[in-house]
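Comments concern the structure below.
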Amino acid sequence: MRTFEVNNNGVVSFGVQVSQYTPDPFPLDDGCPFVAPYWGDVDNTKSGDVFWRQTKDPAILSRCTRDINQYFPEISFTAEWAFIATWDRVPFFGSLSDKVNTFQAVLTTDEKISFILMNYFDIQWTTGIGSGGDLLTGLGGTPAQAGFDSGDKKNYYNIPGSRTPEILNIGETSNVNVPGRWVFQVDELIGVPTEKMECLQ
């Protein structure tokens with residue numbers, strides 16, 4: 001059975017837990033595939049929540065299908081499964097401010113073709129103090145990383161601005177002309193039969 005984990009540091013990983021909170025650029029050396037909507041020094045022990053669920057709810061699958069067909073009209077796609085992970089109003093480690101981030105990763109597949117949608121609703125900080133950030137502003141140090149890594153050193157993507165101060169503006173950027181949304185086809189990363197997937201946290 002293939003497992004994947006929702007890590008509080010803004011990462012959905014496959015096969016292993018990712019405890020590292022200071023991000024490295026993709027591709028990584030350890031061969032661990034993962035999706036990083038916002039890999040950074042999240043601390044949700046005092047406030048904020050991390051939610052996840054996998055679903056075959058017709059309404060959600062219909063929305064996934066509609067969105068993918070809009071962004072990739074040349075691909076015939078009907079979603080059969082989706083997984084949604086949301087980091088809701090999460091602060092950074094060591095924070096002495098009220099700055100919080102809300103972001104989301106959606107994985108969807110028809111068991112042949114697979115996509116990741118990354119949604120950014122409110123991004124107010126880039127760095128926790130463990131990564132050299134300021135405890136009042138949540139800026140500086142080594143800022144968050146966004147993108148995905150298939151683990152094969154060939155298929156990966158660093159969203160522009162990753163590990164720079166510009167990642168603070170990710171909610172205004174896009175590769176599908178929808179500010180705050182990035183979408184990627186990632187068949188090799190999540191294209192597996194859904195009955196063989198188990199989510200851990």
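The values are calculated or read from the model by the stated rules, or taken from the named source; none is laboratory data. Only a predicted model underlies this, so the values are computations on that prediction, with no experimental measurement involved. Note that each Cβ is placed from the backbone with ideal geometry, even for glycine, and that neighbours are counted across all protein chains shown. Surface areas here come from the heavy atoms of the whole protein model, side chains and all, with no ligands, DNA or RNA. Shrake-Rupley method; radii C 1.70, N 1.55, O 1.52, S 1.80 Å.
Here are a few things to note about the model shown:
- Surface per residue (accessible, 1.4 Å probe) for the chain, Å²: 46 Å²
- For VAL100, distant residues with modelled amide H under 5 Å away: GLN124
- Under the Debye formula (equal points on every Cα, no solvent term), log10 I(q)/I(0) of the chain at q = 0.09, 0.10, 0.11, 0.12 Å⁻¹: -0.31, -0.38, -0.46, -0.55
- Lysine pairs with alpha-carbon atoms under 17 Å apart, the chain, spacing 8 or more or separate chains: 4
- Placing a pseudo-label 7 Å from each Cα along the Cα-to-Cβ vector at THR55 and THR164 gives an inter-label distance of 3.6 nm.
- Surface composition of the chain: carbon plus sulfur atoms contribute 48% of the solvent-accessible area (1.4 Å probe, protein chains only, all chains present).
- Environment charge of THR109, counting only residues whose C-beta is closer than 9 Å and scoring Lys/Arg +1, Asp/Glu -1: -3
- Compared with the dominant Cα axis of the chain, that is its longest principal axis, helix 58-71 is turned about 80°.
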